[in-house]
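The values are calculated or read from the model by the stated rules, or taken from the named source; none is laboratory data. Because the structure is a prediction, the values reported are computed rather than measured. Cβ sites come from the backbone with ideal geometry, for glycine too, and all protein chains shown count toward neighbours. Quick note on the areas: whole protein, heavy atoms, side chains included, nothing else; ligands and nucleic acids left out. Shrake-Rupley method; radii C 1.70, N 1.55, O 1.52, S 1.80 Å.
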Amino acid sequence: MQRITIAPNYEISRVIRGGWQMAGGHGPIDGETALDDMVAFADAGITTFDCADIYTGVEELIGRFRLRYADLRGQEALSKIRVHTKFVPDLTVLPNISKAYVEGVIDTSRKRLNLERLDLVQFHWWAYDIPGWLETAVWLKELQQAGKIDKVSGTNFDSDHVEAIIGAGVPFTSLQLQYSLLDHRPEKRMVQLAAANDFALFCYGTVAGGFLGDRWLGKLEPEHPLENRSLTKYKLIIDDFGGWDLFQALLSTLRTIADRHGVDIATIASAAMLTRPGVAAVIVGARNRDHLDSNLAIADIRLTATDRAEIDAVLAEAMPLEGDVYTLERDREGRHGSIMKYNLNKGE
(Lines give C-alpha, C1' and ligand atoms only; values in the text may rest on other atoms or scores of the structure.)
Protein backbone atom coordinates (compact mmCIF):
# COMPACT_ATOMS: atom_id res chain seq x y z
CA MET A 1 0.00 0.00 0.00
CA GLN A 2 1.36 3.39 -1.00
CA ARG A 3 1.81 5.88 1.81
CA ILE A 4 2.08 9.65 1.71
CA THR A 5 3.26 12.30 4.15
CA ILE A 6 0.73 15.15 4.31
CA ALA A 7 2.35 17.07 7.17
CA PRO A 8 5.60 16.80 9.13
CA ASN A 9 5.68 13.39 10.88
CA TYR A 10 2.17 12.63 9.64
CA GLU A 11 1.91 9.76 7.19
CA ILE A 12 -1.25 8.04 5.93
CA SER A 13 -2.16 5.23 3.57
CA ARG A 14 -3.31 6.48 0.16
CA VAL A 15 -6.44 4.37 0.50
CA ILE A 16 -8.50 5.29 3.57
CA ARG A 17 -11.06 2.92 5.05
CA GLY A 18 -14.33 4.82 5.29
CA GLY A 19 -16.69 4.21 8.20
CA TRP A 20 -20.05 5.52 7.00
CA GLN A 21 -21.32 2.10 5.93
CA MET A 22 -20.81 0.80 9.48
CA ALA A 23 -23.16 3.44 10.87
CA GLY A 24 -26.42 1.74 9.93
CA GLY A 25 -28.60 2.08 6.90
CA HIS A 26 -26.51 -0.45 4.98
CA GLY A 27 -27.44 -3.53 6.97
CA PRO A 28 -26.69 -4.85 10.47
CA ILE A 29 -23.13 -4.72 11.82
CA ASP A 30 -21.66 -7.38 14.11
CA GLY A 31 -19.15 -5.68 16.40
CA GLU A 32 -16.67 -8.53 16.70
CA THR A 33 -16.66 -9.15 12.97
CA ALA A 34 -16.15 -5.43 12.36
CA LEU A 35 -13.11 -5.46 14.67
CA ASP A 36 -11.63 -8.44 12.83
CA ASP A 37 -12.24 -6.67 9.52
CA MET A 38 -10.41 -3.54 10.70
CA VAL A 39 -7.46 -5.63 11.87
CA ALA A 40 -7.34 -7.23 8.41
CA PHE A 41 -7.34 -3.80 6.72
CA ALA A 42 -4.56 -2.51 8.98
CA ASP A 43 -2.44 -5.65 8.54
CA ALA A 44 -2.80 -5.30 4.76
CA GLY A 45 -1.50 -1.71 4.85
CA ILE A 46 -4.71 0.35 4.90
CA THR A 47 -3.85 1.97 8.21
CA THR A 48 -5.95 5.13 7.97
CA PHE A 49 -9.60 5.11 9.04
CA ASP A 50 -12.26 7.75 8.45
CA CYS A 51 -15.25 8.25 10.73
CA ALA A 52 -17.38 11.03 12.24
CA ASP A 53 -19.09 12.03 15.43
CA ILE A 54 -22.41 11.60 13.57
CA TYR A 55 -21.69 8.05 12.34
CA THR A 56 -23.64 6.22 15.03
CA GLY A 57 -21.43 3.77 16.90
CA VAL A 58 -18.47 3.98 14.52
CA GLU A 59 -16.11 6.01 16.73
CA GLU A 60 -16.70 3.50 19.54
CA LEU A 61 -15.96 0.60 17.18
CA ILE A 62 -12.72 2.17 16.00
CA GLY A 63 -11.79 2.93 19.60
CA ARG A 64 -12.24 -0.76 20.43
CA PHE A 65 -10.22 -1.67 17.34
CA ARG A 66 -7.32 0.51 18.49
CA LEU A 67 -7.19 -1.31 21.82
CA ARG A 68 -7.48 -4.69 20.07
CA TYR A 69 -4.73 -3.80 17.57
CA ALA A 70 -2.35 -2.72 20.33
CA ASP A 71 -2.93 -6.04 22.10
CA LEU A 72 -2.44 -8.07 18.91
CA ARG A 73 0.38 -6.19 17.18
CA GLY A 74 1.96 -3.92 19.78
CA GLN A 75 2.39 -0.20 20.26
CA GLU A 76 4.73 0.27 17.30
CA ALA A 77 2.12 -1.11 14.91
CA LEU A 78 -0.58 0.99 16.61
CA SER A 79 1.52 4.11 16.05
CA LYS A 80 0.99 3.74 12.28
CA ILE A 81 -2.80 3.80 12.67
CA ARG A 82 -4.41 7.15 11.89
CA VAL A 83 -8.03 7.91 12.68
CA HIS A 84 -9.67 10.86 10.93
CA THR A 85 -12.96 11.89 12.50
CA LYS A 86 -15.27 14.83 11.85
CA PHE A 87 -16.83 17.57 13.88
CA VAL A 88 -20.35 18.08 12.51
CA PRO A 89 -22.52 20.28 14.73
CA ASP A 90 -26.25 19.83 14.14
CA LEU A 91 -28.03 22.41 12.01
CA THR A 92 -30.23 23.32 15.00
CA VAL A 93 -27.13 23.99 17.12
CA LEU A 94 -25.43 26.40 14.71
CA PRO A 95 -27.22 29.63 15.74
CA ASN A 96 -26.15 29.21 19.37
CA ILE A 97 -22.91 27.27 19.07
CA SER A 98 -20.31 27.89 21.77
CA LYS A 99 -16.75 26.88 22.46
CA ALA A 100 -18.02 24.77 25.36
CA TYR A 101 -20.25 22.81 22.97
CA VAL A 102 -17.37 22.31 20.53
CA GLU A 103 -15.03 21.15 23.28
CA GLY A 104 -17.69 18.79 24.63
CA VAL A 105 -18.12 17.06 21.28
CA ILE A 106 -14.36 16.82 20.79
CA ASP A 107 -14.00 15.33 24.27
CA THR A 108 -16.68 12.78 23.44
CA SER A 109 -14.81 11.76 20.28
CA ARG A 110 -11.57 11.44 22.26
CA LYS A 111 -13.29 9.16 24.76
CA ARG A 112 -14.95 7.03 22.11
CA LEU A 113 -11.74 6.63 20.09
CA ASN A 114 -9.53 6.04 23.15
CA LEU A 115 -7.27 8.89 22.07
CA GLU A 116 -5.85 11.59 24.30
CA ARG A 117 -5.33 13.72 21.19
CA LEU A 118 -7.45 13.25 18.07
CA ASP A 119 -5.29 12.62 15.01
CA LEU A 120 -7.24 14.76 12.57
CA VAL A 121 -10.61 16.51 12.91
CA GLN A 122 -12.53 17.45 9.76
CA PHE A 123 -14.87 20.37 10.41
CA HIS A 124 -18.23 20.63 8.62
CA TRP A 125 -20.77 23.47 8.77
CA TRP A 126 -24.22 22.93 7.30
CA ALA A 127 -25.33 26.47 6.48
CA TYR A 128 -23.20 29.46 5.56
CA ASP A 129 -26.18 31.78 6.11
CA ILE A 130 -25.90 31.03 9.83
CA PRO A 131 -22.88 32.88 11.27
CA GLY A 132 -20.35 31.18 13.51
CA TRP A 133 -18.38 28.94 11.16
CA LEU A 134 -15.26 31.09 11.29
CA GLU A 135 -15.32 31.43 15.09
CA THR A 136 -15.83 27.67 15.36
CA ALA A 137 -12.78 27.02 13.19
CA VAL A 138 -10.76 29.26 15.51
CA TRP A 139 -12.06 27.36 18.55
CA LEU A 140 -10.88 24.11 16.95
CA LYS A 141 -7.44 25.67 16.53
CA GLU A 142 -7.50 26.64 20.22
CA LEU A 143 -8.35 23.03 21.12
CA GLN A 144 -5.44 21.99 18.93
CA GLN A 145 -3.17 24.33 20.90
CA ALA A 146 -4.56 22.80 24.10
CA GLY A 147 -3.41 19.37 22.94
CA LYS A 148 -6.81 17.82 22.23
CA ILE A 149 -6.43 17.81 18.43
CA ASP A 150 -3.34 17.14 16.32
CA LYS A 151 -4.52 18.30 12.87
CA VAL A 152 -7.43 20.62 12.10
CA SER A 153 -9.02 20.00 8.72
CA GLY A 154 -12.28 20.48 6.90
CA THR A 155 -14.90 18.66 4.92
CA ASN A 156 -17.26 20.00 2.24
CA PHE A 157 -16.23 23.64 2.56
CA ASP A 158 -16.14 25.59 -0.68
CA SER A 159 -13.20 27.63 -1.92
CA ASP A 160 -14.33 31.02 -0.57
CA HIS A 161 -14.80 29.65 2.94
CA VAL A 162 -11.56 27.68 2.95
CA GLU A 163 -9.75 30.87 1.96
CA ALA A 164 -11.44 32.76 4.80
CA ILE A 165 -10.59 30.11 7.39
CA ILE A 166 -6.95 29.97 6.32
CA GLY A 167 -6.89 33.77 6.26
CA ALA A 168 -8.06 33.77 9.88
CA GLY A 169 -4.98 31.78 10.85
CA VAL A 170 -6.47 28.28 10.90
CA PRO A 171 -4.50 26.34 8.29
CA PHE A 172 -6.17 23.13 7.19
CA THR A 173 -4.04 20.01 6.87
CA SER A 174 -6.56 18.48 4.49
CA LEU A 175 -10.00 18.84 2.98
CA GLN A 176 -12.35 15.92 2.46
CA LEU A 177 -14.58 16.46 -0.55
CA GLN A 178 -16.63 14.72 -3.19
CA TYR A 179 -14.35 14.29 -6.21
CA SER A 180 -14.82 11.58 -8.78
CA LEU A 181 -14.99 10.87 -12.49
CA LEU A 182 -18.58 12.13 -12.28
CA ASP A 183 -17.89 15.22 -10.18
CA HIS A 184 -15.10 17.61 -11.16
CA ARG A 185 -16.24 20.61 -9.11
CA PRO A 186 -12.95 20.69 -7.11
CA GLU A 187 -11.06 21.45 -10.33
CA LYS A 188 -12.73 24.85 -10.66
CA ARG A 189 -10.76 26.38 -7.77
CA MET A 190 -10.12 23.98 -4.90
CA VAL A 191 -7.29 22.00 -6.48
CA GLN A 192 -5.34 25.21 -7.08
CA LEU A 193 -6.18 26.50 -3.61
CA ALA A 194 -4.89 23.27 -2.05
CA ALA A 195 -1.62 23.58 -3.94
CA ALA A 196 -1.18 27.22 -2.94
CA ASN A 197 -1.90 26.55 0.74
CA ASP A 198 -0.32 23.11 1.08
CA PHE A 199 -3.32 21.06 2.17
CA ALA A 200 -4.15 17.57 0.97
CA LEU A 201 -7.36 16.45 -0.71
CA PHE A 202 -9.17 13.32 0.43
CA CYS A 203 -11.74 12.13 -2.12
CA TYR A 204 -15.01 10.46 -1.26
CA GLY A 205 -17.63 9.33 -3.76
CA THR A 206 -15.02 7.86 -6.10
CA VAL A 207 -17.31 4.89 -6.81
CA ALA A 208 -20.52 6.93 -6.47
CA GLY A 209 -22.06 4.76 -3.79
CA GLY A 210 -21.44 1.69 -5.93
CA PHE A 211 -22.78 3.05 -9.22
CA LEU A 212 -19.24 3.13 -10.64
CA GLY A 213 -19.02 -0.66 -10.50
CA ASP A 214 -19.66 -3.75 -12.57
CA ARG A 215 -23.06 -4.27 -11.00
CA TRP A 216 -24.55 -1.38 -13.01
CA LEU A 217 -22.89 -2.03 -16.38
CA GLY A 218 -25.56 -2.63 -19.01
CA LYS A 219 -28.43 -2.19 -16.55
CA LEU A 220 -31.60 -0.20 -17.16
CA GLU A 221 -31.85 3.13 -15.39
CA PRO A 222 -33.21 2.53 -11.86
CA GLU A 223 -36.35 4.20 -10.65
CA HIS A 224 -36.93 5.80 -7.28
CA PRO A 225 -37.00 4.88 -4.49
CA LEU A 226 -33.50 3.43 -4.53
CA GLU A 227 -32.36 1.00 -1.86
CA ASN A 228 -30.39 3.50 0.26
CA ARG A 229 -29.67 7.20 0.65
CA SER A 230 -26.21 6.84 -0.83
CA LEU A 231 -27.53 5.54 -4.15
CA THR A 232 -30.20 8.25 -4.15
CA LYS A 233 -27.53 10.90 -3.68
CA TYR A 234 -25.26 9.67 -6.45
CA LYS A 235 -28.08 9.01 -8.91
CA LEU A 236 -28.72 12.76 -8.76
CA ILE A 237 -25.04 13.31 -9.62
CA ILE A 238 -25.36 10.95 -12.59
CA ASP A 239 -28.42 12.89 -13.80
CA ASP A 240 -26.47 16.16 -13.64
CA PHE A 241 -23.37 14.56 -15.18
CA GLY A 242 -25.24 13.84 -18.40
CA GLY A 243 -27.72 11.09 -17.78
CA TRP A 244 -27.84 7.32 -17.83
CA ASP A 245 -26.67 6.76 -21.43
CA LEU A 246 -23.49 8.78 -20.95
CA PHE A 247 -22.96 7.08 -17.60
CA GLN A 248 -23.21 3.69 -19.33
CA ALA A 249 -20.65 4.83 -21.89
CA LEU A 250 -18.30 5.67 -19.02
CA LEU A 251 -18.89 2.29 -17.38
CA SER A 252 -18.19 0.51 -20.66
CA THR A 253 -14.94 2.41 -21.09
CA LEU A 254 -13.89 1.67 -17.52
CA ARG A 255 -14.67 -2.02 -18.05
CA THR A 256 -12.35 -2.09 -21.08
CA ILE A 257 -9.58 -0.47 -19.05
CA ALA A 258 -10.24 -2.76 -16.10
CA ASP A 259 -9.84 -5.79 -18.37
CA ARG A 260 -6.37 -4.59 -19.34
CA HIS A 261 -5.35 -4.36 -15.70
CA GLY A 262 -7.16 -7.47 -14.45
CA VAL A 263 -9.32 -5.60 -11.93
CA ASP A 264 -12.90 -4.37 -11.58
CA ILE A 265 -14.52 -1.09 -12.61
CA ALA A 266 -14.59 0.33 -9.08
CA THR A 267 -10.83 -0.14 -8.72
CA ILE A 268 -10.17 1.82 -11.91
CA ALA A 269 -12.61 4.57 -10.93
CA SER A 270 -10.78 5.10 -7.62
CA ALA A 271 -7.28 4.64 -9.06
CA ALA A 272 -8.01 7.35 -11.62
CA MET A 273 -8.60 9.84 -8.80
CA LEU A 274 -5.26 9.08 -7.16
CA THR A 275 -3.59 10.47 -10.29
CA ARG A 276 -5.30 13.86 -9.96
CA PRO A 277 -3.19 16.80 -8.75
CA GLY A 278 -3.44 17.41 -5.03
CA VAL A 279 -5.21 14.15 -4.24
CA ALA A 280 -3.45 12.47 -1.33
CA ALA A 281 -5.93 9.65 -0.75
CA VAL A 282 -9.25 8.13 -1.72
CA ILE A 283 -11.79 7.01 0.86
CA VAL A 284 -13.37 3.63 0.20
CA GLY A 285 -16.59 2.77 1.99
CA ALA A 286 -16.44 -0.74 3.40
CA ARG A 287 -18.92 -2.61 5.56
CA ASN A 288 -16.51 -5.56 5.75
CA ARG A 289 -13.38 -7.00 4.14
CA ASP A 290 -15.14 -8.63 1.18
CA HIS A 291 -13.51 -6.16 -1.22
CA LEU A 292 -10.19 -5.78 0.58
CA ASP A 293 -8.14 -7.18 -2.31
CA SER A 294 -9.77 -4.69 -4.69
CA ASN A 295 -9.20 -1.86 -2.24
CA LEU A 296 -5.52 -2.77 -2.01
CA ALA A 297 -5.21 -2.83 -5.80
CA ILE A 298 -6.29 0.81 -6.12
CA ALA A 299 -2.89 2.24 -5.24
CA ASP A 300 -1.04 -0.27 -7.44
CA ILE A 301 -2.80 0.57 -10.72
CA ARG A 302 -0.72 2.56 -13.20
CA LEU A 303 -3.04 3.99 -15.82
CA THR A 304 -1.48 4.33 -19.24
CA ALA A 305 -1.75 7.31 -21.56
CA THR A 306 -4.26 5.29 -23.58
CA ASP A 307 -6.34 4.56 -20.48
CA ARG A 308 -6.45 8.22 -19.53
CA ALA A 309 -7.28 9.35 -23.07
CA GLU A 310 -10.22 6.93 -23.29
CA ILE A 311 -11.64 8.18 -19.98
CA ASP A 312 -11.14 11.81 -20.99
CA ALA A 313 -12.96 11.23 -24.28
CA VAL A 314 -16.12 10.19 -22.43
CA LEU A 315 -15.78 12.92 -19.80
CA ALA A 316 -15.51 15.54 -22.56
CA GLU A 317 -19.20 14.91 -23.32
CA ALA A 318 -20.29 15.42 -19.70
CA MET A 319 -22.06 18.45 -18.31
CA PRO A 320 -20.10 20.28 -15.60
CA LEU A 321 -21.85 20.20 -12.24
CA GLU A 322 -23.00 23.59 -10.99
CA GLY A 323 -21.16 25.53 -8.35
CA ASP A 324 -18.15 24.94 -6.17
CA VAL A 325 -17.49 22.05 -3.79
CA TYR A 326 -20.76 20.97 -2.09
CA THR A 327 -22.72 23.97 -3.41
CA LEU A 328 -25.56 21.85 -4.80
CA GLU A 329 -25.86 19.93 -1.55
CA ARG A 330 -26.11 23.11 0.52
CA ASP A 331 -29.46 24.09 -1.00
CA ARG A 332 -31.64 22.49 1.67
CA GLU A 333 -34.74 22.83 -0.53
CA GLY A 334 -33.05 21.58 -3.70
CA ARG A 335 -32.83 18.09 -5.20
CA HIS A 336 -29.47 17.35 -3.59
CA GLY A 337 -29.87 19.04 -0.21
CA SER A 338 -33.38 17.84 0.53
CA ILE A 339 -32.22 14.23 1.06
CA MET A 340 -29.61 15.16 3.69
CA LYS A 341 -29.99 14.57 7.43
CA TYR A 342 -28.91 17.67 9.32
CA ASN A 343 -29.27 16.78 12.99
CA LEU A 344 -27.41 13.56 13.78
CA ASN A 345 -25.01 14.69 16.49
CA LYS A 346 -26.58 13.61 19.75
CA GLY A 347 -23.51 14.42 21.80
CA GLU A 348 -23.77 11.15 23.69
For Cα pairs less than 8 Å apart in space and 6+ apart in sequence, what is the mean separation divided by the residue count of the stretch 222-348, i.e. the relative contact order in percent?
28 percent
Quick one: divide the alpha-carbon radius of gyration of the chain by 2.2 N^0.38 Å and tell me what you get.
0.95
Once Rh is set to the Kirkwood radius over Cα pairs, what Stokes-Einstein translational diffusion coefficient, in µm²/s, holds for the stretch 36-110 at a temperature of 20 °C and a viscosity of 1.002 mPa s?
157 µm²/s
Whole number in Å², please: accessible area per residue of the chain, 1.4 Å probe, ligands, DNA and RNA not counted.
41 Å²
Using DSSP to call loops (not H, G, I, E or B), can you name the trypsin sites (Lys or Arg not before Pro) in the stretch 270-320 whose Cβ has at most 15 other Cβ atoms within 10 angstrom?
Arg302
Segments 38-48, 230-240 sorted - mean Cβ within 10 Å per residue, highest first:
38-48, 230-240
Among 324-331, 58-65, 201-208, how do they line up by average Cβ neighbours within 10 Å per residue, starting with the highest?
201-208, 58-65, 324-331
Can you classify the stretch 227-287 as rounded, prolate or oblate using the Cα gyration tensor, where a ≥ b ≥ c are the square roots of its eigenvalues, rounded means a/c under 1.5, and otherwise it's prolate if a/b beats b/c and oblate if not?
oblate
What is the projected area of the convex hull of the Cα atoms of the stretch 78-174, averaged over all directions, in nm²?
6.0 nm²
Projected label distance in nm at Thr275 and Glu187, using a 7 Å step from Cα toward the beta-carbon
1.2 nm
Here, the stretch 186-314 modelled as identical Cα point scatterers in vacuum has Debye log10 I(q)/I(0) at q = 0.14, 0.17, 0.18 Å⁻¹ of -0.66, -0.98, -1.10
Inter-site label distance for His224 and Asp198 at 7 Å from Cα along Cβ, in nm:
4.6 nm
Additional length obtainable on full extension of the chain from Met1 to Thr306, 0.36 nm per residue less Cα span:
107.3 nm
In percent, what relative contact order does the chain have, based on Cα pairs under 8 Å that are 6 or more apart in sequence?
21 percent
Per DSSP helix of 4 or more residues, -39500 (n - 2.57); summed, then divided by the residues of the chain. What does that give at 222 nm, rounded to the nearest 500?
-12000 deg cm²/dmol
Given a Förster distance of 45 Å, the FRET efficiency implied by the Cβ-Cβ spacing of Ala77 and Arg335, rounded to the nearest 0.05, works out to 0.50
Between Ala100 and Ala146, what is the label-point separation in nm under the 7 Å Cα-to-beta-carbon projection?
1.2 nm
Global geometry of the stretch 296-336, whether rounded, prolate or oblate, following the gyration tensor of its Cα atoms and the 1.5 cut on a/c:
oblate
Do me a favour and compute the ellipsoid semi-axes for the stretch 272-340 from its Cα gyration tensor, root of five times each eigenvalue, largest one first, whole Å.
27, 21, 11
Kirkwood-based Rg/Rh on the Cα set of the stretch 111-229 evaluates to 1.06
Apportionment of accessible area to carbon and sulfur, the chain, percent (1.4 Å):
50 percent
Which links in Lys141/Lys188; Lys111/Lys233; Lys99/Lys188; Lys86/Lys141; Lys141/Lys233; Lys188/Lys235 stretch past 24 Å when you go from one Cα to the other?
Lys141/Lys188; Lys111/Lys233; Lys99/Lys188; Lys141/Lys233
